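For reference, the structure discussed in these notes is given below.
The values are calculated or read from the model by the stated rules, or taken from the named source; none is laboratory data. Not measured: the values here are computed from a predicted model. Don't worry about glycine lacking a Cβ; one is built from the backbone with ideal geometry, like all the others, and counts go over all protein chains shown.
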């Protein structure tokens, strides 16, 4: 690289120091980072934000706005786009907005529209309920929560990026002396490198520690096992509540599974296409029984299912659904594993 090229790159980096929330929203590379559509831009922004923590507040607001969409349908046409766009306008006009001044609304709408069009799918806008994201300033404890049917991206104070799945909760304090978070549910972590401050995720009875890496943790309250899958880098998984403390060092492509009832921690091979499917907005079933299917669909679409009768003991389903509506998913399931269903708002009735 020539001196001139290096100077140009330095000047480009310096311009981000003056970025406001508006600027982050309008930056295509930042949009790609927020939406996870470019590995190059993701690496750049994670590193830049870790080196410039003073800009985390503005960047975090932009990140939350960009990722506050819930993908529900592939039926893209003018009427659906207009309907989604109107929902976006209505949401901004309500009191449950993102705290954006009126003068910025047109910019917000323009950017949101470009996101909808670039992705090539219809979006149903969902507003973040500020009352559910409580910040207890007295102990600087922060909590991010998603209800059923919603996913979000959270940027931590050190520049680490967390994609939080539906019905999941993340708690953490300001990262002054240590980087520690507590997870209930499922999340994918892209950890900013900092060798002097390991990054630790506590989930039920295990902890997962990394210096700078990407990994998935699944630990819903009803799960009998907690799963950790490492995509890149290196992590240490520890059973910290039971003596002697079992430890596993994971390398990319490997995983760990902690059995709550047996108090056992074991290394396990996971299919990354299955374990990380949710991160790409894909529902994937492999020989799944109805109870598993019900739990996944209720959480994914934010619905409640009323089930009458019982499926046959041989009832199983395999398949993948990317950005499909609930009706399309149930209709596809019905072809191979028959069931009768009706959908009314957020209520689904299933008959066997």
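Observations on the structure shown:
For every residue, the table says whether it meets (1) at pLDDT 95 or above; (2) surrounded by 17 or more Cβ atoms within 10 Å (Cβ to Cβ).
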{"residue": "166", "(1), (2)": "no, yes"}
{"residue": "172", "(1), (2)": "no, yes"}
{"residue": "178", "(1), (2)": "no, no"}
{"residue": "183", "(1), (2)": "yes, yes"}
{"residue": "188", "(1), (2)": "yes, yes"}
{"residue": "195", "(1), (2)": "no, no"}
{"residue": "218", "(1), (2)": "yes, yes"}
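- Residue in segment 200-211 that is within 20 Å of residue 42 (Cα to Cα) and at pLDDT below 95 present: yes
- Just so you know, in segment 306-327 the residues that are within 18 Å of residue 296 (Cβ to Cβ), without any contact (Cβ under 8 Å) to a residue 40 or more places away in the chain and out of contact with any helix residue (DSSP H, G or I) (no Cβ under 7 Å at 6 or more places or on another chain) include one that is surrounded by the fewest Cβ atoms within 10 Å (Cβ to Cβ), and it is 318.
- Residue count for segment 37-65, restricted to those that are surrounded by fewer than 18 Cβ atoms within 10 Å (Cβ to Cβ) and closer than 20 Å to residue 152 by Cβ: 5
- Any pair with Cβ under 6 angstrom, 6 or more apart, that starts in segment 266-283 at a residue that is closer than 16 Å to residue 228 by Cβ and ends at one that is assigned to a helix (DSSP H, G or I): none
- Filter result for residue 28 (exposed (fewer than 15 other Cβ atoms within 10 Å of the Cβ), more than 30 Å from residue 299 (Cα to Cα) and modelled with pLDDT of 80 or more): yes
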